[in-house]
Amino acid sequence: MIRDKMSASQTPMQEEDVALCQRVFEHICMARHIASDGEREELAVQILHFYQHGVKDQGSLERLLM
């Protein structure tokens, strides 16, 4: 899901950036029991938004989205 949403992004990301966002995505999906495609898509958009606006720490991203 993260890679799908990245393609619409204007800012290129390195593999380690993608991996961090993917870990956050997977953790939040499990913790919040997110299963629907719509909710998963919205979460991916939110993660990328915060990441691209300077929140680059995994713990900080997770706290913002829990």
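Listed values, structure above:
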item	result
Residue satisfying all of: in segment 31-60; small (G, A, S) and not in a helix (DSSP H, G or I); nearest to M13 (Cα to Cα) among these	G54
Segment 23-38, residues that are out of contact with any Asp or Glu (no Cβ under 7 Å at 6 or more places or on another chain) and either of a type in the set (G, A, S) or surrounded by 13 or more Cβ atoms within 10 Å (Cβ to Cβ) (or both)	R23, F25, C29, A31, I34, A35, S36, G38
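Every read-out reported here was derived from the displayed coordinates using simple, explicitly stated rules and does not represent laboratory data. All of these numbers come straight from a predicted model, not from anything done at the bench. Methodologically, a virtual Cβ is constructed for each residue, glycine included, from the backbone with ideal geometry; neighbour enumeration extends over all protein chains shown.
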